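K.L.:
After the structure tokens below, expect a handful of questions from me.
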Amino acid sequence: MKSQSLEKPFSDVELDQRAIAILRENEWGGYTLPTRGLYPYQWNWDSMFVALGFSEFDLERAWTEVETLFQGQWQNGMAAHIVFRRDDPSYFPGPSIWVSGQNPPTSGCSQPPVAATVVRDLYEKDPEIGLARLKEIFPRLMAWHRWFHAMRVISGGAAIAVTHPWESGRDNSPDWDSALSNVDPSGIADYTRRDTGHVDPSMRPTNEEYDRYLKLVEYGRETGWDHAHITREGPFAVADPGVTFILMRADRDLLELAKVLGAQDSAHEIATWLYHAEEAADYLWSERLGAYAARDLRTDESATGVSSVAFLSYYAGISIPRRDARLQATLRRILEVSKYSIPSFDPEHSRFDSKRYWRGPVWAIINYIVARGLAEYGFEREANRIRLDTREMIRGSGFYEYFDPICGSGAGGGHFAWTAAIWLAWASPMTD
């Protein structure tokens, strides 16, 4: 029995209507909250997926969602992972902990850069409406991508580093366990978590992980948020297949947008970034796992298990024949042992947890971008399986933050904006 199922079965048309209502009820001026209470601010990649949802019925509002995120862009180009337009005591850590020195206040790290890909999608929906908006946002996208390629690459490398688990968007993934264990949490100030007052603690990161998250925030704050120093010298730096592959895809889409605008110098710069794409993929490949895996840049050790972002290589435009057979075999194995796909971590690994945030649950946003890449490379059966699973979980449980891959029940926050957006943009039969 699904403890968090919908009160009554809804038709797909009614689910479309409910998804639109969720996006509207989570609006806060010109930006959208992921869900009220649990996340009372604007989150970076949440807003970009939300824009995709809005584009299905209100293209102007979709563009506004993108534009408001970049109101918090740093002078060095970084688009922060949270923009704090007010200080809400229901969330911790808020702006008084980050002390970013920005106006509006923001967090001190970034998040997976899906924005350029979303902007290309919005532009192509209606180039006449989109051209003027594209001209305005393009320099901001260039500056953010330039920040990643300058500030989050270890000298001599190519894969993108994350310097805080929150920067990956996959906060408590087992991918970070080893590197996080090397962060000494001693000396942090006392604090009170707020997230566990909104959601069952068994679905959230542990207190031990939170201690280390806050230690990393403290370290960044003490450096004055010197991002180059944090990447080179900080206590945590892990090459992430998620951010690396998402940025590769975004670079390719940004290149197409540069061509639309006739921005030849920008196009040349982007091409130099893409020149190193296969080199980055080589670094992340784990022959032992038969998949791409996170790699600790301090110890050079690879993660011990397969995360769902391992399959974003196709989305990134990376297809290497000698690896594809192994990668596809790994994907098929995980699909075969999962009732609902794609679990965020390998269900056959000892660290898998079907309900705890990024240690096993299914996320509609990851399903969408993984399936999009698979379909683009002709893996239609696998892409369709992932889409149908996403559809069935939402039909059965509603618009939850994430889902249990064993039974499909919803978990985390409810009335969740990006799940509603992915339903409208991809999972709903109405988009066929």
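The values are calculated or read from the model by the stated rules, or taken from the named source; none is laboratory data. These figures come from a predicted structure and were not determined experimentally. Here Cβ is always computed from backbone atoms with ideal geometry, including for glycine, and neighbour counts include all displayed protein chains. Quick note on the areas: whole protein, heavy atoms, side chains included, nothing else; ligands and nucleic acids left out. Shrake-Rupley method; radii C 1.70, N 1.55, O 1.52, S 1.80 Å.
K.L.:
Pulled fully out, how much extra length does the chain show between Arg221 and Glu301, if you take 0.36 nm times their separation in residues and subtract their Cα-Cα distance?
P.N.:
26.1 nm
K.L.:
Give, rounded to the nearest 20 debye, the magnitude of the charge dipole that the chain has about its Cα centre when Lys and Arg contribute +1 at Cβ and Asp and Glu contribute -1 at Cβ.
P.N.:
Rounded to the nearest 20 debye, it is 380 debye.
K.L.:
Which residue fluctuates the most in the chain, going by a Gaussian network model with Cα springs under 10 Å, if the choices are Gly169, Gly234, Gly360?
P.N.:
Looking only at Gly169, Gly234, Gly360, the biggest GNM fluctuation is shown by Gly234.
K.L.:
Can you compute the modelled spin-label distance between Ala21 and Ala271, with each label point 7 Å from Cα toward Cβ, in nm?
P.N.:
5.2
K.L.:
How much mean residue ellipticity at 222 nm does the chain get from its helices, if each DSSP H run of length 4 or more adds -39500 (n - 2.57) and you divide by all residues, to the nearest 500 deg cm²/dmol?
P.N.:
-14500 deg cm²/dmol
K.L.:
Hey, can you list the DSSP H helices of the chain whose Cα span along the axis is 20 Å or longer and whose average Kyte-Doolittle score is at least -0.5?
P.N.:
Helices meeting the span and hydropathy rule in the chain are 127-151, 241-261.
K.L.:
Length gain on complete extension for the stretch Asp126 to Arg351, per 0.36 nm per residue less the alpha carbon to alpha carbon distance?
P.N.:
Going from the current span to full extension adds 76.5 nm.
K.L.:
When we measure straight from the Cα of Lys135, which aspartates and glutamates land under 19 angstrom away, once same-chain ones fewer than 8 places off are left out?
P.N.:
Cα-Cα hits under 19 Å: Glu60, Glu65, Glu67, Asp121, Glu124, Asp126, Asp251, Asp253, Glu256, Asp265, Glu269.
K.L.:
Label points 7 Å out from Cα along the Cβ direction at Gln71 and Arg322: separation in nm?
P.N.:
Between Gln71 and Arg322, the simple spin-label model gives 5.1 nm.
K.L.:
Given the options Leu134, Val238, Ala294, identify the residue whose Cα lies farthest towards the positive end of the charge dipole of the chain (+1 on Cβ of Lys, Arg; -1 on Cβ of Asp, Glu).
P.N.:
Ala294
K.L.:
Met430 to Phe10: FRET efficiency via 1/(1 + (r/R0)^6), r the Cβ-Cβ distance, R0 22 Å, to the nearest 0.05?
P.N.:
Calculated value: 0.95.
K.L.:
Another question, then. At Phe57 and Glu256, where each label point lies 7 Å from the Cα along Cα→Cβ, what is the point-to-point distance in nanometres?
P.N.:
2.7
K.L.:
Next question, about the same structure. Quick one: dipole size for region 121-216, taken about the Cα centre, charges +1 on Lys/Arg Cβ and -1 on Asp/Glu Cβ, in debye to the nearest 20.
P.N.:
With only Lys, Arg, Asp and Glu charged at Cβ, the dipole is about 380 debye.
K.L.:
Would you mind calculating the gained length between Glu376 and Asn103 on full extension (0.36 nm times residue separation, minus the Cα-Cα distance), in nm to one decimal?
P.N.:
Difference between extended and current length: 94.3 nm.
K.L.:
Let me ask another. Using the beta-carbon distance between Ala329 and Ile154 and R0 = 30 Å, what value does 1/(1 + (r/R0)^6) give for FRET efficiency, to the nearest 0.05?
P.N.:
The formula returns an efficiency of 0.45 here.
K.L.:
Would you mind working out the accessible area per residue for the chain, using a 1.4 Å probe, and quoting it in Å²?
P.N.:
37
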